[in-house]
Amino acid sequence: MKWGSLAEHQIQKAQATGQLDNLKGAGKPLNARSGNDSDAAGLRIMAEAGVLPREFELKKAVDAQLDILKSTHDPAARKAEMAKLADLQLRLSIEQEARRKFYRTS
């Protein structure tokens, strides 16, 4: 049995027995979420454990490096900071592509 049909079966069973009656927020629209909901549960579990995905860590590092680059005025130092930024951006792109490939094949 596929997961989708198993989940649907469980939902129908809960509806038939009245387990879904009088739930908090019934009749109200769902909160709009940004991003992909399919990985929301995994991200929530990681957040509760105090762990960030590598992609998030790299995004924070890229933002921090951009701030450093903005405050650097010496041409030689800017060149070194730009090299660090390019490396971080490349690593971030690799992580994002790996995630996209993973979700495409699963």
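The values are calculated or read from the model by the stated rules, or taken from the named source; none is laboratory data. Quick caveat: nothing in here was measured; it's all calculated off a predicted structure. Every residue, glycine among them, receives a Cβ derived from its backbone with ideal geometry; neighbour counts consider all protein chains shown.
Pairing residues of region 86-104 that are at negative phi with residues that are of a type in the set (Asp, Glu) and assigned to a helix (DSSP H, G or I), at Cβ distances under 8 Å and at least 6 apart in sequence or on separate chains, gives LEU92/GLU55; GLU95/GLU55; GLN96/GLU55; ARG99/GLU55; TYR103/ASP39. Whether a residue is surrounded by 10 or more Cβ atoms within 10 Å (Cβ to Cβ) and outside any loop (DSSP other than H, G, I, E, B) was assessed, and ALA80 passes this test.
Residues in region 36-50 that are surrounded by 12 or more Cβ atoms within 10 Å (Cβ to Cβ) and either of a type in the set (S, T, N, Q) or at pLDDT 80 or above (or both): 0 in all.
When the criteria are applied in full, ALA26 meets the requirement of being part of a loop (DSSP other than H, G, I, E, B), at pLDDT below 80 and more than 30 Å from TYR103 (Cα to Cα). Of the residues ARG54, ARG33, the single one that is under 15 Å from the mean Cα position of the chain (by Cα) and at pLDDT 75 or above is ARG54.
From the list LYS59, LYS70, LYS84, the lone residue that is within 17 Å of the chain's Cα centre (by Cα), modelled with pLDDT of 85 or more and among the basic types (Lys, Arg) is LYS59.
Tell me which residues, restricted to region 45-77, are under 15 Å from GLN96 (Cα atoms) and not in a loop (DSSP other than H, G, I, E, B).
First, pick out the residues of region 45-77 that are under 15 Å from GLN96 (Cα atoms): 52-62.
Matches in region 45-77: ARG54, GLU55, PHE56, GLU57, LEU58, LYS59, LYS60, ALA61, VAL62.
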